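Each remark here refers to the structure printed beneath this line.
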Amino acid sequence: MNRAELADFLRRGRARLEPSDVGLTAGSRRRTPGLRREEVAALAGMSVDYYTRLEQSRGPRPSRQMLGALARALRLTGDERDHLFHLVGEEPPRAAGASSHVRPGLLLILDRLHDAPAQVMTDYGEVLAQNALASALTGEAEPGRNVVRRFFTDPRARALFPPEDRPQHARSHVANLRAVTAARPADPAPAALVAELRSTSEEFADLWESHEVAVRRSATKRFLHPTVGLLELDCEFLLSSGDHQLLIVHTARPGTESYERLQLLRVVGLQNLAPASGRR
């Protein structure tokens, strides 16, 4: 691990980004250009102290998962992401299936969607990045989970939807996973998820045996939010070609009750997710 080179690379990556580049407001006057350390730490899901030590050449060796989070937080290109891994003495990910690295251009679009819940995920449900409003909608503050696994194993995930809608969501998840595993038989990640859920969820196993196949497409979804109530949202799936990634955007039709509730969620929901501000 080349601590000095890593520290310099992180500092320079942070300095070249403005708050607007990552969907943040500038806030109070800044003494130096670029993001603050606490902002990068919040975007990467790590403590400010941990990130500060990395920039000061005295931090512990980051895990591969943490390196991926830093690459997304600093909006690194694929080559820059690989360089980050090399500085820590790790081989960059060379997955034959869905990539876990979100391109900076896709993250830029995500950052610009202030008034719509949006997230980037793999085609088999692994959440790679999401904006603050998506976190407020689903109650999950950080990416890194799989929405299919969570739906079949976590009652809190099912509670996001009205009871009468849950069977359709279950069928949709399984049918899409069927299509993905057939399209990429050499990719171990979707196959491992299927094997896991067949052994842990009787509902999933039964639906898998029905052999329904359907790729995710645009739809209308209803969400039961504990604070703002029922929201009926239009869901658009935008495919990032070659990476097996989806940009998923939820919008409410202007003039509807769901539109007003989504605006309310921007206020009450984001208050709980806002990191404490400070100066570096």
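List of remarks:
- One residue from 171, 166, 184, 178 being farther than 18 Å from residue 152 by Cβ and not aromatic (Phe, Trp, Tyr): 184
- Filter pass, residue 182 being of a type in the set (A, V, I, L, M, F, W, C), farther than 24 Å from residue 222 by Cβ and part of a helix (DSSP H, G or I): yes
- Contact annotation: residue pairs with Cβ atoms under 9 Å, 6 or more positions apart or on different chains, pairing a residue in region 172-185 that is open to solvent by less than 30 Å² (accessible area, probe 1.4 Å) with a partner that is of a type in the set (S, T, N, Q), are 174/210; 175/210; 180/122.
- Identification of helices (runs of 4 or more DSSP H) wholly contained in region 35-82 with 3 or more residues that are open to solvent by less than 50 Å² (accessible area, probe 1.4 Å) and more than 20 Å from residue 19 (Cβ to Cβ) yields 64-73.
- Every residue from region 204-218 that is surrounded by 15 or more Cβ atoms within 10 Å (Cβ to Cβ) and in a helix (DSSP H, G or I): 204, 205, 207, 208
The values are calculated or read from the model by the stated rules, or taken from the named source; none is laboratory data. Worth saying up front: this structure is predicted, and the values here are computed from it rather than measured. Neighbour counts run over all protein chains shown; Cβ positions are idealised from the backbone, glycine included. SASA here: full protein model, heavy atoms, side chains in, ligands and nucleic acids out. Shrake-Rupley method; radii C 1.70, N 1.55, O 1.52, S 1.80 Å.
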